[in-house]
Amino acid sequence: MKITVQFFAQARLAAGVESATLEVVPHCTPQQAVRAAADAGREELRRFLFDERGEPRRSNLLLLGQRRVTWDSVQPLADGDCLTILPPVAGG
């Protein structure tokens, strides 16, 4: 099944692209999809999304469509879903 992963702000810089279309296994979770994107992408993206122990950097938000999902969500993705990685934003 195919999904799209969109990258914003620093995630986009780390990925080197605005989005990626990935082939993932059926019933893939959001975290599994992000890991697949990191594995298929640049090393800089993997380090941006996961720490040295392979744990997700939970400060990055995940959106499935327009709805926020947690890194631990077990909700399976569906063919054609769009998962967005949104890094924390600071400003004043």
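The values are calculated or read from the model by the stated rules, or taken from the named source; none is laboratory data. All figures in this text were calculated on a predicted structure; none of them were measured in a lab. Backbone-built Cβ (ideal geometry, glycine too); neighbour counts: all protein chains shown.
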*Within the set of pairs 6+ apart or on separate chains, which have a first residue in the stretch 16-33 that is more than 19 Å from residue 55 (Cβ to Cβ), a second that is of a type in the set (Phe, Trp, Tyr), and C-beta atoms under 7 Å apart?*
17/7; 18/7; 19/7
*Filter the stretch 1-12 for residues that are part of a helix (DSSP H, G or I) and touching a helix residue (DSSP H, G or I) at 6+ places or on another chain (Cβ under 8 Å); which is surrounded by the most Cβ atoms within 10 Å (Cβ to Cβ)?*
11
*With respect to residue 69, is the statement that it is out of contact with any strand residue (DSSP E or B) (no Cβ under 9 Å at 6 or more places or on another chain) and β-branched (Val, Ile, Thr) true?*
no
*Between a first residue in the stretch 58-73 that is at pLDDT 95 or above and of a type in the set (Val, Ile, Thr) and a second residue that is assigned to a strand (DSSP E or B) and buried (at least 16 other Cβ atoms within 10 Å of the Cβ), which pairs have beta carbons less than 8 Å apart while being 6 or more apart in sequence or on different chains?*
69/62; 69/63; 70/62
_Test for residue 5: is it free of Cβ contacts under 8 Å to residues at least 60 places away in the same chain and out of contact with any Gly (no Cβ under 7 Å at 6 or more places or on another chain)_ = no
*Identify the residue in the stretch 18-29 that is of a type outside the set (D, E, K, R), in contact with a strand residue (DSSP E or B) (Cβ under 9 Å, 6 or more places away or on another chain) and closer than 13 Å to residue 80 by Cα and, among all such residues, is surrounded by the fewest Cβ atoms within 10 Å (Cβ to Cβ).*
21
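When only residues in the stretch 13-66 that are part of a strand (DSSP E or B) and closer than 15 Å to residue 3 by Cβ count, which is nearest to the chain's Cα centre (by Cα)?
Our first condition is that a residue be part of a strand (DSSP E or B); within the stretch 13-66, this holds for 19-23, 50, 56, 61-64.
So of that shortlist, the ones also closer than 15 Å to residue 3 by Cβ come out as 19-23, 62-64.
Details: 19: 10, 20: 10, 21: 11, 22: 11, 23: 14, 62: 7, 63: 9, 64: 10 Å.
Of everything passing the filter in the stretch 13-66, 62 is nearest to the chain's Cα centre (by Cα).
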